Amino acid sequence: MNDSYLFISDIHLGLQSKDLENRKERLLVKFLNFAQTNCSELFIVGDLFDYWFEYKRVYQKGFFRTLTALQDLTDHGVKVHYLIGNHDFMHQNFFKDEIGALMYENPISITLNNKKFFIGHGDGMVKNDLGYKILKVILRNKMIQKFYSWIHPDIGVSIASSTSKSSRDYTSQKDYGEEDGLFEAAKMKINEGYDYVLLGHLHRRCLLNYKNGVYINLGSWLDAPCYGKFENNKFEIVDWN
């Protein structure tokens, strides 16, 4: 019997107004509770938070219901994979040690139900995005993050929020184009032998066949919350509302 796998991406908790955030988080928590009995593994494909900064002994305020629901998932034996994105990359060990999630800074290659998956957030994979690739190297530098952690949390989180908004505006305004965008990157991976290439980042939901493989982008929860489901060798994107 094949296992069932669920996927979500680009929830961006903390981005919108208080009312919209409350509604979004309640939907997310209901989904995480649903996942307890409907999958063996859950993949969070980046940008669960609109910004995240975790200090050695402090993590940011808010989203208690989400964190609790994630821990309930792992307590129920569901394996949680968290691929960090370009907004929620400043993690240390909280999700690993307290929640029990498997954390990844880079895309992963994994076999699910005998199908080969390439899964990543998608940031830095577009050919014409050299500026972001340079910025990514700087922001992911552990020494720079260590220096940043010396800033008082109230100031540090405020800076992180502002930086996150600038990054989001840059991504939303840049015309990546299909020919040199994530679909082109996905084609290269399919040519390498992957059956499925699953990404997020661009907030454009799609499921496209290419040769013997499939490119999937999960969209975002900002306009139309949804999740990916892989079961019985079939992948589908399902609305969650």
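Using θ = phi - 60° in the Karplus curve 6.51 cos²θ - 1.76 cosθ + 1.60, the 3J(HN,Hα) couplings for the range 53-60 round to 9, 10, 7, 4, 10, 9, 10, 5 Hz; x is entered for Gly and Pro.
Overall form of the range 73-128: oblate. Here a/c, set by the Cα gyration tensor axes a ≥ b ≥ c, is 1.5 or more, and a/b is not larger than b/c. Shown for H121, H12: other C-beta atoms within 10 Å of each C-beta, ranked fewest to most, produce the order H12, H121.
The length gained on full extension between K56 and W240, counted as 0.36 nm times the residue separation minus their Cα-Cα distance, comes to 62.7 nm. Measuring between alpha carbons in the structure, the pairs from K56/K187; K30/K56; K56/K115; K18/K116; K189/K229; K24/K79 lying more than 32 angstrom apart are K56/K187; K56/K115; K18/K116. Full extension of the chain segment joining C206 with N33 gains 59.7 nm, where the gain is 0.36 nm per residue of separation less the Cα-Cα distance.
Each reported figure results from applying straightforward, stated rules to the coordinates on display, with no laboratory input. Values in this document were obtained by computation on a predicted structure and should not be read as measured data. Counting neighbours? That spans all protein chains shown, and the Cβs are built from the backbone with ideal geometry, glycine included.
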